[in-house]
Amino acid sequence: MEINDQFFILTGGPGMGKTAVIAALRERGHITVPETGRHIIRQQVAAGGHALPWDDRAAFAQLMFEQSVADYQANREQTAPVFFDRGIADTIGYLELCGLPVPEDMLRIARSWRFNKKVFLAPPWQAIYEQDTERKQSFAEAVATCECMISIYRRLDYKLIYLPESTVAARADFIMAAVNT
């Protein structure tokens, strides 16, 4: 088992402000890792690919998993905190949300390659939720996604810390206060 206490995950349903908080942390000079899902969607659309959440969810999940593993490996040498917009376990939550089987290697890696025990969760917040060309889920689907993330992180024995409904800056301050305690 490998535990990296400097790796912090920000998870939750889509459209709950995770990416904005990650951007705020990056602007403050912290090391951040962007969400893989949007990047994969853009690549697949540009290439005419089918590994998309509205086409081939299993292939989409596999690409997300591979990128999450690569992001973990690429940051192993960091000694300062690294903030991830979603973690390896998010792919498992996504597969469960879709009713798809979870490959054993994904579970094994999620159990073996550990992040800091504190996982920050951006809970459902309808006031800030917006759909766009890449985020096609309804708010109800976003809530269901969040519930799957809560479930997988709890099963993997992480401690969920819920972000307050507040400004992006206040949420970033909240994370930093929790990281430093």
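Among residues of region 113-135 that are under 17 Å from Asp85 (Cβ atoms) and assigned to a helix (DSSP H, G or I), those with a Cβ under 8 angstrom from a residue that is of a type in the set (A, V, I, L, M) and at pLDDT 85 or above, sequence gap 6+ or separate chain, pair up as Ile128/Met16. Between Ala110, Ala59, the distinction of being surrounded by 12 or more Cβ atoms within 10 Å (Cβ to Cβ), over 30 Å from Phe174 (Cβ atoms) and either touching an Asp or Glu at 6+ places or on another chain (Cβ under 7 Å) or of a type in the set (Gly, Ala, Ser) (or both) belongs to Ala59 only.
Could you check how many residues of region 159-175 are surrounded by fewer than 21 Cβ atoms within 10 Å (Cβ to Cβ) and in contact (Cβ under 8 Å) with a residue 12 or more places away in the chain?
Within region 159-175, residues that are surrounded by fewer than 21 Cβ atoms within 10 Å (Cβ to Cβ) and in contact (Cβ under 8 Å) with a residue 12 or more places away in the chain number 7.
Given the structure, is Thr145 β-branched (Val, Ile, Thr), free of Cβ contacts under 8 Å to residues at least 40 places away in the same chain and surrounded by 17 or more Cβ atoms within 10 Å (Cβ to Cβ)? So Thr145 fails the test.
For region 159-175, the criterion of being among the hydroxyl-bearing types (Ser, Thr, Tyr) and within 21 Å of Gly37 (Cα to Cα) is satisfied by no residue at all.
Only residues that are part of a loop (DSSP other than H, G, I, E, B), surrounded by fewer than 21 Cβ atoms within 10 Å (Cβ to Cβ) and touching a residue at least 24 places away in the same chain (Cβ under 8 Å) were counted in region 77-99, giving 4. Note on region 62-76: among residues that are among the polar types (S, T, N, Q) and either assigned to a helix (DSSP H, G or I) or touching a Pro at 6+ places or on another chain (Cβ under 9 Å) (or both), the one that is surrounded by the fewest Cβ atoms within 10 Å (Cβ to Cβ) is Gln73. When the residues of region 1-53 are filtered to those that are in a helix (DSSP H, G or I) and among the basic types (Lys, Arg), the one that is surrounded by the fewest Cβ atoms within 10 Å (Cβ to Cβ) is Arg42.
The values are calculated or read from the model by the stated rules, or taken from the named source; none is laboratory data. As the structure is a computational prediction, the values presented were derived from the model and not from experiment. Don't worry about glycine lacking a Cβ; one is built from the backbone with ideal geometry, like all the others, and counts go over all protein chains shown.
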